[in-house]
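The values are calculated or read from the model by the stated rules, or taken from the named source; none is laboratory data. Given the structure is predicted, the values throughout are model-derived calculations rather than measurements. Cβ placement follows ideal geometry from the backbone for every residue including glycine, while neighbour counts extend to all protein chains displayed. Side chains included, ligands, DNA and RNA excluded: accessible areas come from the protein's heavy atoms. Shrake-Rupley method; radii C 1.70, N 1.55, O 1.52, S 1.80 Å.
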Amino acid sequence: MNEITSLLNEFLIQTKSTSALISGTKGKLITSLHLDYSDSVAAMSDAILSMSDKFLTDLDKGLLKQLYLKTTNGVAVMNKINNSHSIIVFSNDGSNLGLFLRNIDELATQLNKISLLK
């Protein structure tokens, strides 16, 4: 778990994000950093990803890889790590969105290599 926490912490610092969590099958919380109610957020994000994935599949628009949400207080990005795990990151600053989206995709690739998340 230390490797996962280190990768998440490094990502938060690098992108100036505020918090992050990784969830597994059926919204089970794997780990989180700087986030209240992590269990609930993991469950809700799993529901959002599942519904969005089904929506895209039903419309024959491909498979969901990443979901971007813009709020009045920043952004939330959900990225699939693999078929059973995902990461959600929150940031109060969406000004460097391109870099942020690319970095979260790279983070998901790194996390997918960790045996705990396979």
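Below are the figures for this structure:
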{"quantity": "Hits in the range 98-110 (condition: modelled with pLDDT under 90, among the aliphatic types (A, V, I, L, M) and surrounded by 12 or more Cβ atoms within 10 Å (Cβ to Cβ))", "calculated": "LEU101"}
{"quantity": "Options ASP105, ASP93, ASP58: the member that is without any contact (Cβ under 8 Å) to a residue 24 or more places away in the chain and charged (D, E, K, R)", "calculated": "ASP58"}
{"quantity": "Criterion: surrounded by 12 or more Cβ atoms within 10 Å (Cβ to Cβ), hydroxyl-bearing (Ser, Thr, Tyr) and closer than 22 Å to SER17 by Cβ - qualifying residue of SER45, SER50", "calculated": "SER45"}
{"quantity": "Single residue of SER95, SER84 found to be at pLDDT below 90, under 19 Å from THR5 (Cα atoms), open to solvent by 20 Å² or more (accessible area, probe 1.4 Å) and not in a helix (DSSP H, G or I)", "calculated": "SER84"}
{"quantity": "Residue tally, condition free of Cβ contacts under 8 Å to residues at least 40 places away in the same chain and touching a helix residue (DSSP H, G or I) at 6+ places or on another chain (Cβ under 8 Å), over the range 66-82", "calculated": "9"}
{"quantity": "Qualifying residue in the range 50-57 (condition: out of contact with any Asp or Glu (no Cβ under 7 Å at 6 or more places or on another chain), assigned to a helix (DSSP H, G or I) and under 19 Å from LEU117 (Cβ atoms))", "calculated": "yes"}
{"quantity": "Pair list, Cβ < 8 Å and 6+ apart or interchain, from the range 11-27 residues that are over 15 Å from VAL41 (Cα atoms) and of a type in the set (Gly, Ala, Ser) to residues that are in a strand (DSSP E or B) and open to solvent by less than 10 Å² (accessible area, probe 1.4 Å)", "calculated": "SER17/VAL89; SER17/SER91"}
{"quantity": "Qualifying residue in the range 57-77 (condition: exposed (fewer than 14 other Cβ atoms within 10 Å of the Cβ), of a type in the set (A, V, I, L, M, F, W, C) and under 24 Å from ARG102 (Cα atoms))", "calculated": "yes"}
